[in-house]
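The values are calculated or read from the model by the stated rules, or taken from the named source; none is laboratory data. Just so we're clear, the structure is a prediction, and the values are computed from it rather than from any experiment. Note that we place each Cβ from the backbone using ideal geometry, even for glycine, and neighbour counts take in every protein chain shown. When the accessible area is computed, the model is the full protein with side chains, heavy atoms only, and any ligands, DNA or RNA have been set aside. Shrake-Rupley method; radii C 1.70, N 1.55, O 1.52, S 1.80 Å.
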Amino acid sequence: MIKINRLVCTECQICMEICSWTHFGKNTTKRSRIAVDADWPKVPIIRVCLACKEHECVDACPQDALKWDDWIRLDKDKCDACGLCAEACPVDGIQMDPITELPLICDTCKGDFQCVLWCPTQALKQKGKL
């Protein structure tokens, strides 16, 4: 998954832009699976699924719509958009889609980690490839 170094993040939000572009074909950062909460001059908060060992989001889903398979996978047909997965996430790494109301959870871009590839400061890195 992703390793974060908030100290070198410049709050450029390229990660959010490339995520939304990759998944929706347009720049719509409100639908990004990664979020940069900027509060300059404070160090930004970067919220994204970090593939926790406990997978609390999976356990919290009453519809059994989330599964762990090297990353969290969402079955959109089972999901009722209750948001309990987002509430259960200990790192606040799940955003809810403002259009579909379904959870937006990092899917690693099928292993291509576009946010990592495009991060100009290397604030984001792929775990295991540091």
Per-pair calculated FRET efficiency, R0 = 25 Å: Lys127 and Asn27 via Cβ, rounded to 0.05
0.40
Where no second cysteine Cβ lies under 4.7 Å, the cysteines concerned in the chain:
Cys9, Cys12, Cys19, Cys52, Cys61, Cys79, Cys82, Cys89, Cys109, Cys119
Cα gyration tensor of the chain - equivalent ellipsoid semi-axes, whole Å, descending:
23, 16, 14
For segment 9-85, Kirkwood radius (reciprocal of mean inverse C-alpha pair distance, Å):
14.1
Hey, can you grab everything whose amide H is under 5 Å from the amide H of Gln126? Only 5+ residues off in sequence or another chain; H modelled, so Pro and N-termini drop out.
Lys3
So how far apart, in nm, are the two label points at Leu7 and Asp70 if each is 7 Å from Cα heading toward Cβ?
3.2
Let me know the longest stretch in the chain that avoids all trypsin sites (Lys or Arg not before Pro) found in a DSSP loop with at most 14 other C-beta atoms within 10 Å.
79-126
Among the listed pairs Lys78/Lys127; Lys3/Lys78; Lys42/Lys76; Lys30/Lys76, those beyond 28 Å (Cα-Cα):
Lys78/Lys127; Lys3/Lys78; Lys42/Lys76
Please give the solvent-accessible surface of Thr121 in Å², to the nearest 10, using a probe radius of 1.4 Å with every protein chain present.
50
Would you work out what percent of the accessible area of the chain, with all protein chains in place, is carbon or sulfur (probe 1.4 Å)?
50
How many Å² of accessible area per residue for the chain, probe 1.4 Å?
59
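Just to confirm the filter: which GluC sites (Glu not before Pro) across segment 15-87 are DSSP coil and have at most 10 other Cβ within 10 angstrom of their Cβ?
Glu54
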Computed, not fitted: 222 nm per-residue ellipticity of the chain from DSSP H runs ≥ 4 (each -39500 (n - 2.57)), nearest 500, equal to -5000 deg cm²/dmol
